[in-house]
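**Student:** I'd like to ask you about the structure that follows.
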Amino acid sequence: MIEAIKNIGELELTHLLEDNGTILDIFVEDPSDSGKYGTVLFVKLDKLGDGIIKYAGIEERGFRRESMGRYLYRSGSGARGADVTPTAKLTESKKTVPNKIIRAVSDAVSSIGKEDSHEYRDLENVRQTLVEAEQEIIEDIEKKQKEMGKEGSKLIVSLMISDDSQEKWVSDWEIFRKKFKADCEKLFAQKYNKIAAAEDKICAVCLKKTDVFGFTSTFQFYTLDKPGYVAGGFRQQDAWKNYPVCFECGTKLELGKKYLKQYLTKSFYYRQLMIIPKALWEEDLTSVLARLRSRLGEHDKDKKKSEVESIGHAEEVIIDQLGSMGQGVTYNLLFFEEKQSGSVFNIMLNIEDVLPSRLSLIYDHLKKVNLMGQFRHFPVGKGEQPFRLNIGIFNELFPYKTHNRYFLEMIYSLIADRPIDAKFLMNRIMEKVTEKFNQPDDEKKFYDNFIAWRYLQLIMYLGRLGLLPDLFKNNGGELPLSETAKYNLKDFPSMEVMFETFFAAQNGLYDHPAAKACFMLGYLAQHLINFQRKVLGRTPFKVQMKGLKLRPKDVRGLVAKIQDKFMDYEEGYKDNKDKFYPCRLEFELMSKYIQEAGRDWPLSMQEIGFFIAVGMNGKNLFTFVKEDKDNE
């Protein structure tokens, strides 16, 4: 991954130099704070003969983004400390002028010996002039602020020297450029009041012998905040031994990271996802980056709303676009968190060497499951309702604030093709299903009534990808997805054939008769509950289902209770047979499955509850003809 980031940074550096930029431009900060500070007040000095420097007043100019490198701004450490160069955001002139402008000049003079620069004498004269004219400069700035009104609250102050009508900005001074570079090197060399650097050592990135530094932290793979974390000893100044990186490579890594954050970082269900591409051939990197930016940029604009078969969620479109890039690239998918205004960068999950073909497979199966008849055209009343699956269902199961670790584990399994613990997943699913099952009917939203059906869609999807081998006895497989949206008994030779046709279309999920028995029990229970709700206005039998927390013996006991209720209602409405349908054939089929299942069921309590809940939700799929007189 580090090599991939460095290659991107190297490419960006080449473009920067081609545009007449310098390596220092990488570390330059925006003093306008993204346009909030739109005006620059230049403290103007005139250079006269014999090196004499004279204060010439304050000159107001608009901030120019294309001149960012010329301002050479970088904030210093602490509110009272000087910035790196004499360019600063104005707070109060009586504080900014002495603490930011004059002090920055003084620091530069002190950092460069007399023999090291031909500019030393001129800059020393500048310092003296600023000290002598300090009060006048403060008053002139305050006057400008008063004239500007509200606009005078957001100003930048910088230094300018005029010499024979030629303007010399901060970046035109070699002294300031050297100081700026030295300060940037401290990013890699100095931390915790320690300096970790060494001369003539091998850089871990470019493998060249040069000066190396120990606090390069493009991404925080490890910490050095305690001396004991340093390899080979307890001296933080020896941190360069852990990860020696030269200034040039550290710069390229920073530039690469900056590019990735700006163009290839997306929101993925409330998590930050950085997409780090690695071209198979380095010469193709420019093309790969251009295509990625174009595709992800287009996705940001229209979210593919015009696609009939689109999943309809931005995150799935990201997967689709990355998957369609061909086989000339691989990805590192880095989930991260930033805190304290970006000063803390925590890696939550890094999935390495992801192939586009894997992402394409994930997206293709998502579309296929969504096009499956029982989810695309689910019958509700006289109409139908589509159930669209998206990766966000993992976020529903494992929310960001409470279960983020498990969400990331699921995403890792999905992308890295690693099996998911079916028991763990089913436990969480049933927590959500029972929560909605026990909720009062008047508090439920539409999809709450069919929550098990939605999770069935997820189970089917993961089963087709082979990620639930414990649940799918034939590992999911590639069985055809049924396009049937509704099963009508008149289209089948028998009730059993109709249900078996449905079970066969579920990719082996109902491999054991116990699962089929639980589904049938769920169907019959829902039939009874619907009848009670319609006739009685309440659902007393629902309490008998123990919140779907049932064992095999509970299931057998529940069968007897349902049968008793059916017999009672059948007897009560024998003179009005259109009022109640006794489901005799369905009972016979359920009894057959229970007998075939035997005493030792391979289903956990959560699986039993899930299959029952799915049977309850799936009742609308089936149309049953009422029994005629021959069957009475």
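The values are calculated or read from the model by the stated rules, or taken from the named source; none is laboratory data. Not measured: the values here are computed from a predicted model. Cβ placement follows ideal geometry from the backbone for every residue including glycine, while neighbour counts extend to all protein chains displayed.
**Student:** Which of the residues spanning the stretch 583-600 are surrounded by fewer than 21 Cβ atoms within 10 Å (Cβ to Cβ) and not in a helix (DSSP H, G or I)?
**Tutor:** Selection gives Gly598, Arg599, Asp600.
**Student:** Can you confirm whether Leu72 is in contact with a strand residue (DSSP E or B) (Cβ under 6 Å, 6 or more places away or on another chain) and crowded, with 16+ Cβ neighbours inside 10 Å? Write out each step before concluding.
**Tutor:** On the way: in contact with a strand residue (DSSP E or B) (Cβ under 6 Å, 6 or more places away or on another chain): no; crowded, with 16+ Cβ neighbours inside 10 Å: yes.
Considered against the rule, which asks whether it is in contact with a strand residue (DSSP E or B) (Cβ under 6 Å, 6 or more places away or on another chain) and crowded, with 16+ Cβ neighbours inside 10 Å, Leu72 comes out as no.
**Student:** Taking the stretch 345-400 on its own, how many of its residues are of a type in the set (Asp, Glu) and not in a helix (DSSP H, G or I)?
**Tutor:** 3
**Student:** I need the full set of residues from the stretch 139-159 which are buried (at least 19 other Cβ atoms within 10 Å of the Cβ) and either within 15 Å of Lys47 (Cα to Cα) or at pLDDT below 90 (or both), in order please.
**Tutor:** Answer for the stretch 139-159, where residues must be buried (at least 19 other Cβ atoms within 10 Å of the Cβ) and either within 15 Å of Lys47 (Cα to Cα) or at pLDDT below 90 (or both): just Leu159.
**Student:** Would you be able to say whether some residue in the stretch 170-179 is under 30 Å from Ile58 (Cβ atoms), surrounded by fewer than 21 Cβ atoms within 10 Å (Cβ to Cβ), in contact with a strand residue (DSSP E or B) (Cβ under 9 Å, 6 or more places away or on another chain) and touching a residue at least 40 places away in the same chain (Cβ under 8 Å)?
**Tutor:** yes
Yes/no matrix, rows are residues, columns are (1) surrounded by 13 or more Cβ atoms within 10 Å (Cβ to Cβ); (2) part of a strand (DSSP E or B); (3) out of contact with any Asp or Glu (no Cβ under 7 Å at 6 or more places or on another chain):
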residue: Glu29; (1), (2), (3): yes, no, yes
residue: Ser32; (1), (2), (3): yes, no, yes
residue: Val43; (1), (2), (3): yes, yes, yes
residue: Tyr55; (1), (2), (3): yes, yes, no
residue: Glu66; (1), (2), (3): no, no, yes
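**Student:** Test Met426 against the stated conditions and say whether it is touching a residue at least 40 places away in the same chain (Cβ under 8 Å), assigned by TED's automatic domain parsing to the domain that holds Ala504 and closer than 27 Å to Ile608 by Cα.
**Tutor:** Yes: the conditions hold for Met426.
**Student:** Sticking with this structure for a sec: Is there a residue in the stretch 136-157 that is assigned to a helix (DSSP H, G or I), over 23 Å from Arg64 (Cβ atoms), among the aliphatic types (A, V, I, L, M) and out of contact with any Phe, Trp or Tyr (no Cβ under 9 Å at 6 or more places or on another chain)?
**Tutor:** yes
**Student:** Does the stretch 530-549 hold any residues that are crowded, with 19+ Cβ neighbours inside 10 Å and not aromatic (Phe, Trp, Tyr), and which are they?
**Tutor:** Restricting attention to the stretch 530-549, the residues satisfying the condition of being crowded, with 19+ Cβ neighbours inside 10 Å are 531, 545, 548.
Matches in the stretch 530-549: Met545, Leu548.
**Student:** Out of the stretch 456-488, which residues are at pLDDT 90 or above, in contact with a helix residue (DSSP H, G or I) (Cβ under 7 Å, 6 or more places away or on another chain) and closer than 22 Å to Met590 by Cβ?
**Tutor:** Across the stretch 456-488, the qualifying residue is only Leu456.
**Student:** Looking at Asp442, Asp448, which one is in a helix (DSSP H, G or I) and free of Cβ contacts under 8 Å to residues at least 12 places away in the same chain?
**Tutor:** Details: Asp448 fails: free of Cβ contacts under 8 Å to residues at least 12 places away in the same chain.
Among Asp442, Asp448, only Asp442 is in a helix (DSSP H, G or I) and free of Cβ contacts under 8 Å to residues at least 12 places away in the same chain.
**Student:** What are the pairs with Cβ atoms under 7 angstrom where one residue, in the stretch 609-621, is surrounded by fewer than 24 Cβ atoms within 10 Å (Cβ to Cβ) and the other, located anywhere, is of a type in the set (S, T, N, Q)? Sequence gap at least six, or different chains.
**Tutor:** Filtered contacts from the stretch 609-621: Lys619/Gln526; Leu621/Gln374.
**Student:** Has the stretch 85-99 got any residue that is among the hydroxyl-bearing types (Ser, Thr, Tyr), closer than 24 Å to Lys178 by Cβ and part of a loop (DSSP other than H, G, I, E, B)?
**Tutor:** Looking for residues that are among the hydroxyl-bearing types (Ser, Thr, Tyr), closer than 24 Å to Lys178 by Cβ and part of a loop (DSSP other than H, G, I, E, B), one finds at least one in the stretch 85-99, hence yes.
**Student:** Suppose we filter the stretch 499-522 for residues that are surrounded by 22 or more Cβ atoms within 10 Å (Cβ to Cβ) and more than 39 Å from the chain's Cα centre (by Cα); how many remain?
**Tutor:** So the answer is 5.
**Student:** Still on this structure, please answer the following. Exactly one condition in (1) within 21 Å of the chain's Cα centre (by Cα); (2) surrounded by fewer than 16 Cβ atoms within 10 Å (Cβ to Cβ); (3) touching a residue at least 12 places away in the same chain (Cβ under 8 Å) is false for Met410; which is it?
**Tutor:** Result: Met410 passes all but (2).
**Student:** Okay, moving on. Which of the residues that make up the stretch 17-48 are hydrophobic (A, V, I, L, M, F, W, C) and either within 28 Å of Ser153 (Cβ to Cβ) or free of Cβ contacts under 8 Å to residues at least 12 places away in the same chain (or both)?
**Tutor:** Leu17, Phe27, Val28, Val40, Leu41, Phe42, Val43, Leu45, Leu48
**Student:** For the stretch 136-147, does any single residue satisfy the condition of being in contact with a strand residue (DSSP E or B) (Cβ under 8 Å, 6 or more places away or on another chain) and either among the hydrophobic types (A, V, I, L, M, F, W, C) or under 22 Å from Ile26 (Cα atoms) (or both)?
**Tutor:** Yes.
**Student:** Given (1) within 46 Å of the chain's Cα centre (by Cα); (2) assigned to a loop (DSSP other than H, G, I, E, B); (3) touching a residue at least 12 places away in the same chain (Cβ under 8 Å), where does Arg538 come up short, assuming only one miss?
**Tutor:** (3)
**Student:** Continuing with this model, one more query. Kindly list, by first and then second residue, each pair from a residue in the stretch 128-150 that is at positive phi to a residue that is loosely packed, with under 13 Cβ neighbours inside 10 Å and of a type outside the set (Lys, Arg), limited to pairs with Cβ atoms under 9 Å and residues at least 6 apart or on different chains.
**Tutor:** Once the first residue is at positive phi and sits in the stretch 128-150, no partner that is loosely packed, with under 13 Cβ neighbours inside 10 Å and of a type outside the set (Lys, Arg) comes close enough.
**Student:** Turning to a different aspect of this structure: Of the numbered conditions (1) modelled with pLDDT of 95 or more; (2) surrounded by fewer than 17 Cβ atoms within 10 Å (Cβ to Cβ), Lys382 satisfies every one except a single condition; which is it?
**Tutor:** The number of the failed condition is (1).
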